[in-house]
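I have placed the structure first, in the form of structure tokens, so that the comments after it can refer back to it.
The values are calculated or read from the model by the stated rules, or taken from the named source; none is laboratory data. Just so it is clear, the model here is predicted, and its values are computed rather than measured. Counting neighbours? That spans all protein chains shown, and the Cβs are built from the backbone with ideal geometry, glycine included. The accessibility values were calculated without ligands, DNA or RNA, using every heavy atom of the protein model including side chains. Shrake-Rupley method; radii C 1.70, N 1.55, O 1.52, S 1.80 Å.
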Amino acid sequence: MMRFNFSNHSTSEATSAGEKSTQPLTAHKRPLTIEADPDSLDSVISNPQSFPITIVPNRPASFYGLAANGKPFKTQPSCRSRNFRPGSMRRVRRRAVFKNGDCNVVQKNLQRRRVRFLQDMYTTMVDWQWRWTLLAFALSFILSWLFFALLWWLIMYTHGDLEELHMPDNQEESGWSPCVSAIDGFTSCFLFSIETQHTIGYGVRTTSPECPEAIFMMCFQSIYGVMSSAFMAGIVFAKMTRAKQRAQTLLFSKHAVICQRDGSLSLMFRVGDMRKSHIIGAGVRAQLIRTRSTKEGEVMTQHFTELEIGTDDSGSDLFFIWPMVIEHKIDENSPLYEMNATDMLHDKFEIVVILEGTVESTGQSAQARSSYINTEILWGHRFDPVVLYNKDLQAYEIDYARFNETTQVDTPLCSARELNEIYKIQEGFRTPAEAFCKNV
């Protein structure tokens, strides 16, 4: 929290309060003055009597000594979370990307939708849910078996193989030569259809040279069986190995945090990979979605702004061997530059984060997505370390139980712009000797 100490600040109310509490404050070696917080940074800058300005961290109530009645302060246990702030119980903003990476988008009023989807049947079936894919897989074989069984039955019927005197038991006596041996009805035609389509060949039912149509049908069904098997196997394989499944083992932290790093406010989130097979050429991006108004008055409700992010000093390209904290420095080029803690809580925006790379084991590209809305950003927190060196194992150990753990740290509640202004003011009040020592 930010507080401002005013060296020449005094009011009549403070004086009267000090007289009433003179006796209790005798326990302290120096008098204590609780200073009022300014309304804004501009009011501080416009008041030259308020300099110098110092930033002090939060202190417990016991730091300020005794109450006005001479009794010490009593702290009551609170059921509120330490992250609770007034006004935080509000309706959560609708988000474009869910935490699991699914996009919250529904399409409607598409012209010729079914025709266009049928033209790209392969992609349509890959995008189906598993129950529909498996149903189509089973029906593609069963219906084809039944269809070709019906064709075989018609061939047998037109050739006269299904007459009583031409049945398999009477063929020796009548000297009849059928199109397909051992066929006595639709059931045997169905079994022969399965054997032909999948080249099983049990050796009982065989095609004879008496029927050219039977020879043609056998060739056609064999070709269809190979093509249909390859098509359905390709769909199942593509569905099992698509990049969306690999993204299930790429993790994003539940919350993003804002704290100071090297004197500047930074927005940070953490990414991790559960598998031992690494992501090659991993890169991470972040985009801010918020409402923006143009100079002409146009309201853009879904305006995307790219955020400059990186990890340590390596930029957005990651050597992704363990969980890493991704940082966005809130500087003059950041869209969050003028947002303080209160604005962060009440403003409506969403930060979409994208992790992309190539899967080492399959060579396919993978993409994992997640997002953070304003209520999922913790101001004044820092991520706990999860990578430690284990001397017994002689290897770096990753504790994923602490992946989402954060620690509350002292962080100014002002915006990055106001914080830079304060630093500039403090620089102006340094003596030449202090400035020389800092530069050295």
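For segment 259-279, taking the residues that are among the charged types (D, E, K, R) and touching a residue at least 40 places away in the same chain (Cβ under 8 Å), the one that is farthest from ASN100 (Cα to Cα) is identified as ARG261.
When ALA256, ALA230, ALA282 are checked against the criterion of being without any contact (Cβ under 8 Å) to a residue 12 or more places away in the chain and open to solvent by less than 70 Å² (accessible area, probe 1.4 Å), ALA230 stands alone in meeting it. All of (1) closer than 25 Å to GLY263 by Cα; (2) out of contact with any Gly (no Cβ under 7 Å at 6 or more places or on another chain) hold for ASN390 with one exception: (1).
The sole residue among ARG261, ARG246, ARG242 that is within 30 Å of LEU336 (Cβ to Cβ) and not hydrophobic (A, V, I, L, M, F, W, C) is ARG261. Counting the residues of segment 386-407 that are of a type outside the set (A, V, I, L, M) and either in contact (Cβ under 8 Å) with a residue 12 or more places away in the chain or closer than 29 Å to ALA96 by Cα (or both) gives 9.
Residues that are in contact with a Lys or Arg (Cβ under 7 Å, 6 or more places away or on another chain) and surrounded by 12 or more Cβ atoms within 10 Å (Cβ to Cβ) within segment 95-129 comprise VAL97, GLY101, VAL126, listed in sequence order.
Over 30 Å from VAL271 (Cβ atoms), of a type in the set (Asp, Glu) and not assigned by the TED database to the domain that holds VAL353 - does that describe any residue in segment 95-118? No. Just for segment 131-150: of the residues that are of a type in the set (Gly, Ala, Ser) and under 44 Å from the mean Cα position of the chain (by Cα), which one is least open to solvent (accessible area, probe 1.4 Å)? Ranking the qualifying residues of segment 131-150, first place goes to SER144. Comparison of VAL126, VAL204 shows that the only residue that is at pLDDT below 90 and in a loop (DSSP other than H, G, I, E, B) is VAL204.
Quick grid of which residues meet (1) open to solvent by 40 Å² or more (accessible area, probe 1.4 Å); (2) not assigned by the TED database to the domain that holds ILE398; (3) not in a strand (DSSP E or B):
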{"site": "THR291", "(1), (2), (3)": "yes, no, no"}
{"site": "GLN302", "(1), (2), (3)": "yes, no, no"}
{"site": "SER314", "(1), (2), (3)": "yes, no, yes"}
{"site": "HIS328", "(1), (2), (3)": "no, no, no"}
{"site": "LEU345", "(1), (2), (3)": "no, no, yes"}
{"site": "GLY357", "(1), (2), (3)": "no, no, no"}
{"site": "GLY363", "(1), (2), (3)": "yes, no, yes"}
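Taken together, the residues in segment 382-414 that are in contact with a strand residue (DSSP E or B) (Cβ under 6 Å, 6 or more places away or on another chain), polar (S, T, N, Q) and farther than 21 Å from ILE326 by Cβ amount to 1.
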